[in-house]
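The values are calculated or read from the model by the stated rules, or taken from the named source; none is laboratory data. The structure presented is a predicted model; accordingly, all values stated were derived computationally and were not measured. In this analysis, Cβ positions are derived from the backbone assuming ideal geometry, glycine residues included, and neighbour counts consider all displayed protein chains.
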There are 2 protein chains.
Amino acid sequence: MHAHDQEHGDHSAYETGPERISVLERIFGENDVAAEANRAAFDAHGVRSVNLMSSPGAGKTTLLVHTLAHLRDSGVRAGVVEGDIETSIDADRLAGFGAQVALLNTGDGFGGECHLDAPMVAKALTTLDLASLDLLLVENVGNLVCPAEFDVGAHDSVMVYAITEGEEKPLKYPVMFRSVSVVLVNKMDLLPHLDFDLELFRRNMAQINPDAPLIEVSARTGDGLAEWHEWLSTSREPVRSA
Amino acid sequence: MHAHDQEHGDHSAYETGPERISVLERIFGENDVAAEANRAAFDAHGVRSVNLMSSPGAGKTTLLVHTLAHLRDSGVRAGVVEGDIETSIDADRLAGFGAQVALLNTGDGFGGECHLDAPMVAKALTTLDLASLDLLLVENVGNLVCPAEFDVGAHDSVMVYAITEGEEKPLKYPVMFRSVSVVLVNKMDLLPHLDFDLELFRRNMAQINPDAPLIEVSARTGDGLAEWHEWLSTSREPVRSA
């Protein structure tokens, strides 16, 4: 259910009443309060937090398998909040790297939740020992729309974009592409087998979010991940104060 | 905004009050009423309606380019409701095949709407001449969660699934995979270049939705589309009555 429909009678035959607007405003307002509390908790413990977003199947979990191994070998104490509608498939894949993993299954209502919000992440934090972490990676639900609307309290958002998704998605999903600090351009190993125009994608990104660097990677082969790990390590300290 | 969060205090620190539940129930209730009205309009005009859903970039629009050409050559009078958050990129790609195309941009609020609902489709129908159509194809917003929650009034829902998304998505997004009558397994031309296990995907689908046939296609090369077009034509008459 997506009540922001209701503010835009242009698209909808629904009645738009003050009751709905007030519900909507309260939910976003409460999310922002919870997000600031999460960020304050990260800052109080010196934990950097990064929110990973993408379409379904773009490669977030495969990337995290490499990244958790790298962090372990580098002595960085990492945690993961793993958001999925159902199953522990992804959380299971991330076990065994010495990271604390908190699984959030969002799917016990209606169609399954389509994003993580700050109160859900707050709940996950109660199962993690922030005092023993340096870095917390939040793997959001695979979705190019809803996750970008909810501040979960992370210091940065990162997008994993698979080149199999085409060149035009930054134009079609601009809120998501504007919300991130960096884009990992994934599945580069498939480039020879696709019609994907990398320069056109770069131009589309530059139009929507010229400040976000693009890092070309293959989570499958590991190519390019050193640059991503460098990005992760260069701003280890929380960048926002509580 | 996704108020169904609010019914599940287990995941959320939000307050769950009767006001929110009532807003939620009314929105779903109004959507169902609008969906039945859309279906009645399709039935009254003898129009079959099919709702296409997928992740972003799975190939719905590329598929439709082939399908609209096929329908034109077969003498089937087709229309398209094209749902996108922003831009007319997809609608522009579908011009020139003799089909009526209605563009619905959902993105003038918050993060951009993440699905089509029945009132939006009803609005699109006011711009189409149903009396001169045999088949209406609704291209939903690319998203594996939210579109499955909203009946738009189509007779069938169809999923376009790209094998680049991995084998496990039926288990992770079961509401979507259960909601469809057929799954087009797309990007089969990439199979030699992926680690994708087709038999594992088939087993996962059989677990979630054993009744939905899987049709292997490549929207890029056109391979396999004859079987999809056969599926479309075999139940040309509306399958539900109003």
Give the residue that is nearest to the other protein chains (Cβ to nearest Cβ), with candidates limited to residues of region B:36-79 that are within 18 Å of B:Phe150 (Cα to Cα), outside any loop (DSSP other than H, G, I, E, B) and under 12 Å from the mean Cα position of the chain (by Cα).
B:Met53
Those helices (runs of 4 or more DSSP H) lying entirely in region B:115-229 with at least 1 residues more than 8 Å from chain A (Cβ to nearest Cβ) and either within 19 Å of B:Thr67 (Cα to Cα) or touching a residue at least 40 places away in the same chain (Cβ under 8 Å) (or both)
B:118-125
Among residues of region A:89-102 being surrounded by fewer than 19 Cβ atoms within 10 Å (Cβ to Cβ) and within 19 Å of A:Ser54 (Cα to Cα), the residue farthest from the other protein chains (Cβ to nearest Cβ) is A:Arg93
Boolean, B:Val141 is of a type outside the set (Gly, Ala, Ser), surrounded by fewer than 24 Cβ atoms within 10 Å (Cβ to Cβ) and either closer than 24 Å to A:Leu194 by Cβ or touching a His at 6+ places or on another chain (Cβ under 8 Å) (or both):
no
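A quick yes/no check of all residues on (1) closer than 20 Å to B:Gly107 by Cβ; (2) at pLDDT below 95:
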{"residue": "A:Leu136", "(1), (2)": "no, no"}
{"residue": "A:Glu149", "(1), (2)": "yes, yes"}
{"residue": "A:Ile163", "(1), (2)": "no, no"}
{"residue": "A:Glu168", "(1), (2)": "yes, no"}
{"residue": "A:Leu171", "(1), (2)": "yes, no"}
{"residue": "A:Val175", "(1), (2)": "yes, yes"}
{"residue": "A:Leu184", "(1), (2)": "no, no"}
Options A:Glu86, A:Glu30, A:Glu82: the member that is under 22 Å from A:Lys123 (Cα atoms), of a type in the set (Asp, Glu), at the interface with chain B (Cβ under 9 Å from one of its Cβ atoms) and not in a helix (DSSP H, G or I):
A:Glu86
Residues in region A:68-88 that are closer than 10 Å to A:Asn105 by Cα and either touching a helix residue (DSSP H, G or I) at 6+ places or on another chain (Cβ under 7 Å) or free of Cβ contacts under 8 Å to residues at least 12 places away in the same chain (or both): how many?
5
Check on A:His193, under 16 Å from A:Val50 (Cβ atoms) and surrounded by fewer than 18 Cβ atoms within 10 Å (Cβ to Cβ):
no
